[in-house]
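Engineer: Sharing a structure below in structure tokens format, with a few things to ask.
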Amino acid sequence: DTAVSQTPKYLVTQMGNDKSIKCEQNLGHDTMYWYKQDSKKFLKIMFSYNNKELIINETVPNRFSPKSPDKAHLNLHINSLELGDSAVYFCASSPADGGTAEAFFGSGTQLSVL
Amino acid sequence: AQKVTQAQTEISVVEKEDVTLDCVYETRDTTYYLFWYKQPPSGELVFLIRRNSFDEQNEISGRYSWNFQKSTSSFNFTITASQVVDSAVYFCALRNYGQNFVFGPGTRLSVLP
């Protein structure tokens, strides 16, 4: 079974559309993340979320919003997509242990905005 | 503030050569954790190793070895006898206690046959 799964793997859409990327983890972790990887491979945190707290990177436009129906899921909604949103988006999870454990990553969603 | 620097943008080696990937980090915390991840051409991020700030013991695991030196804030990664399958982008990451992972810009390693 895949530990962190995200769908879809590829997403091609037009500017101005609204889209969602789903993420599920079966590791029992308390903390989940969304990272954005740009064309130069830079990985930047967008959100982290546990049962109690959502931490938002202040550089993330408010068109992006995480939705967590339960501890195992953290979906990413994007409104009014722009060309600059094209990137690979990674979901990840880790135990709520403060830092000792590694993060487990999904396989990524390549978003292309035309 | 946390910061991770990987000064080597790209490295090319010929198969069977040894290669060291450099990582320098900045943090004001005394408790922190360091990681190396590999991203092969297929795109997934694969965890390789973690170290906490209290464990400076270096380790060898097969063809991989790690050199953690707090005095120079470095956490370097060496592949011995490189193979074509080692070709990937390698990321060093830092995590202060209770905070998010901060990744370096990555080093693209190409191992040529």
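The values are calculated or read from the model by the stated rules, or taken from the named source; none is laboratory data. Everything numeric in this text was worked out from a predicted model, so none of it was measured. Every residue, glycine among them, receives a Cβ derived from its backbone with ideal geometry; neighbour counts consider all protein chains shown.
Engineer: Of all residues being of a type in the set (A, V, I, L, M) and either part of a strand (DSSP E or B) or more than 16 Å from the chain's Cα centre (by Cα) (or both) in region A:1-26, which is farthest from residue A:83 (Cα to Cα)? Just the residue, please.
Structural biologist: Ranking the candidates gives A:4 first.
Engineer: Oh, and also: Any chance you could count how many residues in region B:14-38 are within 9 Å of the chain's Cα centre (by Cα), under 22 Å from residue A:36 (Cα atoms) and either surrounded by fewer than 16 Cβ atoms within 10 Å (Cβ to Cβ) or of a type outside the set (A, V, I, L, M) (or both)?
Structural biologist: So the count comes out to 5.
Engineer: Taking region A:36-81 as the region of interest, how many residues are assigned to a loop (DSSP other than H, G, I, E, B) and on the phi < 0 side of the Ramachandran plot?
Structural biologist: Of the residues in region A:36-81, 23 are assigned to a loop (DSSP other than H, G, I, E, B) and on the phi < 0 side of the Ramachandran plot.
Engineer: Still on this structure, please answer the following. For residue A:43, indicate whether it is without any contact (Cβ under 8 Å) to a residue 60 or more places away in the chain, aliphatic (A, V, I, L, M) and within 14 Å of residue A:30 (Cα to Cα).
Structural biologist: no
Engineer: Name the residue that is farthest from residue A:3 (Cα to Cα), counting only residues in region B:39-52 that are more than 10 Å from chain A (Cβ to nearest Cβ) and within 15 Å of the chain's Cα centre (by Cα).
Structural biologist: Per the stated criteria, the residue is B:51.
Engineer: Starting from region A:13-40, take each residue that is at pLDDT below 95 and list its partners that are part of a loop (DSSP other than H, G, I, E, B) and surrounded by 12 or more Cβ atoms within 10 Å (Cβ to Cβ), counting only C-beta distances under 6 angstrom and pairs at least six apart or across chains.
Structural biologist: Pairs that qualify, where the first residue is at pLDDT below 95 and the partner is part of a loop (DSSP other than H, G, I, E, B) and surrounded by 12 or more Cβ atoms within 10 Å (Cβ to Cβ), are A:27/A:3; A:29/A:95; A:30/A:50; A:30/A:96; A:31/A:50; A:31/A:96; A:32/A:74.
Engineer: Looking at region B:1-12, which of its residues are within 14 Å of residue B:106 (Cβ to Cβ) and assigned to a loop (DSSP other than H, G, I, E, B)?
Structural biologist: Once the filter is applied, which keeps residues that are within 14 Å of residue B:106 (Cβ to Cβ) and assigned to a loop (DSSP other than H, G, I, E, B), region B:1-12 yields B:6, B:7, B:8, B:9.
Engineer: Looking at residue B:83 and the list (1) modelled with pLDDT of 90 or more; (2) at positive phi, which single condition is not satisfied?
Structural biologist: (2) is the only condition that residue B:83 fails.
Engineer: Restricting to region B:13-38, and then to whatever is of a type in the set (Val, Ile, Thr) and not in a loop (DSSP other than H, G, I, E, B), can you tell me which residue is nearest to the other protein chains (Cβ to nearest Cβ)?
Structural biologist: Among residues in region B:13-38 that are of a type in the set (Val, Ile, Thr) and not in a loop (DSSP other than H, G, I, E, B), the one nearest to the other protein chains (Cβ to nearest Cβ) is B:24.
The rows are residues; the columns are (1) surrounded by 15 or more Cβ atoms within 10 Å (Cβ to Cβ); (2) more than 14 Å from every other protein chain (Cβ to nearest Cβ); (3) out of contact with any Ser or Thr (no Cβ under 8 Å at 6 or more places or on another chain); (4) aromatic (Phe, Trp, Tyr).
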| residue | (1), (2), (3), (4) |
| --- | --- |
| A:54 | no, no, no, no |
| A:59 | no, no, yes, no |
| A:64 | yes, yes, yes, yes |
| A:70 | no, yes, yes, no |
| A:76 | yes, yes, no, no |
| A:85 | yes, yes, yes, no |
| A:92 | yes, no, yes, no |
| A:100 | no, no, yes, no |
| A:104 | yes, no, no, yes |
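Engineer: Here is a further query. I need a count of the residues in region A:40-62 that are closer than 13 Å to residue A:89 by Cβ and among the polar types (S, T, N, Q).
Structural biologist: 0
Engineer: Filter region B:53-69 for residues that are modelled with pLDDT of 90 or more and surrounded by 15 or more Cβ atoms within 10 Å (Cβ to Cβ); which is nearest to the chain's Cα centre (by Cα)?
Structural biologist: Top of the filtered list is B:66.
Engineer: Do any strands (runs of 3 or more DSSP E) entirely within region B:39-113 hold 1 or more residues that are of a type in the set (Phe, Trp, Tyr), and if so, which?
Structural biologist: In region B:39-113, the matching strands (runs of 3 or more DSSP E) lie at B:46-52, B:64-69, B:74-79, B:88-96, B:101-103.
Engineer: Find the residue count for region B:68-113, including only residues that are at the interface with another protein chain (Cβ under 7 Å from one of its Cβ atoms) and among the small types (Gly, Ala, Ser).
Structural biologist: 2
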